[in-house]
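One structure below.
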Amino acid sequence: MFTVLVDGDDLMDPIADAARSILDGHIVLTRRLAGLNHYPAVDVLQSVSRVMPDVVSEEQLLLANKAREVLAVYQEAEDLINVGAYVAGSNPAIDRARSLIGPLQLFLKQEVDTNFSLAETRRLLAQALQEGKGE
């Protein structure tokens with residue numbers, strides 16, 4: 001396990017870039033999420049594991065991929081949503097992401113002294129990805 005600190009969250013820093021290229025995975029913590037009181041401040045979309053498909057169940061990989069898709073769609077549309085320029089119903093993927101972003105962000109937050117088993121974590125993620133259905 002290595003820790004690489006970069007100036008100003010600059011992931012294009014030569015050392016950070018080199019570390020990402022040779023390591024099997026990396027977890028990116030960001031000030032932006034910490035500033036939103038989102039702990040742990042893991043940026044899921046910038047974090048990568050090359051070995052994940054080899055070490056988790058197919059169900060867990062599917063859930064993680066669905067969560068990443070929701071986060072990515074929401075992130076792409078977030079500015080439009082925040083300024084009121086997005087019209088509900090114009091894009092089903094964005095509508096789905098809007099309905100799931102709250103439960104998914106709650107899932108991604110955790111108090112320091114909170115623990116969950118792997119099975120419970122899977123169940124909670126599946127629940128978060130279901131909560132927006134029907135809205």
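Brief remarks follow.
- For a label point 7 Å along the Cα-to-beta-carbon line of Asn65, residues of the range 89-127 with backbone N under 17 Å: 126
- Note: relative contact order over the range 64-135, using C-alpha pairs below 8 Å and six or more positions apart, is 37 percent.
- Förster radius 22 Å - calculated FRET efficiency between Ile27 and Glu111, Cβ distance, rounded to 0.05: 0.75
- Taking every alpha-carbon pair under 8 Å whose residues sit at least 6 apart, the chain reaches a relative contact order of 19 percent.
- Model label points for Tyr39 and Ser90, set 7 angstrom from Cα along the Cα-to-Cβ axis, are 3.9 nm apart.
- With every protein chain in place, the chain: carbon and sulfur % of accessible area (1.4 Å): 56 percent
- Cβ charges +1 (Lys, Arg) and -1 (Asp, Glu), total dipole of the range 10-132, debye: 180 debye
- The mean accessible area for residues of the range 1-105, using a 1.4 Å probe and ignoring ligands and nucleic acids, is 67 Å² per residue.
- In terms of its C-alpha gyration tensor, the range 29-135 has a prolate overall shape, because the principal axis ratio a/c (a ≥ b ≥ c, square roots of the eigenvalues) is not below 1.5 and a/b outweighs b/c.
The values are calculated or read from the model by the stated rules, or taken from the named source; none is laboratory data. Nothing here was measured: the structure is a model prediction, and the numbers come from that model. Counting neighbours? That spans all protein chains shown, and the Cβs are built from the backbone with ideal geometry, glycine included. The accessibility values were calculated without ligands, DNA or RNA, using every heavy atom of the protein model including side chains. Shrake-Rupley method; radii C 1.70, N 1.55, O 1.52, S 1.80 Å.
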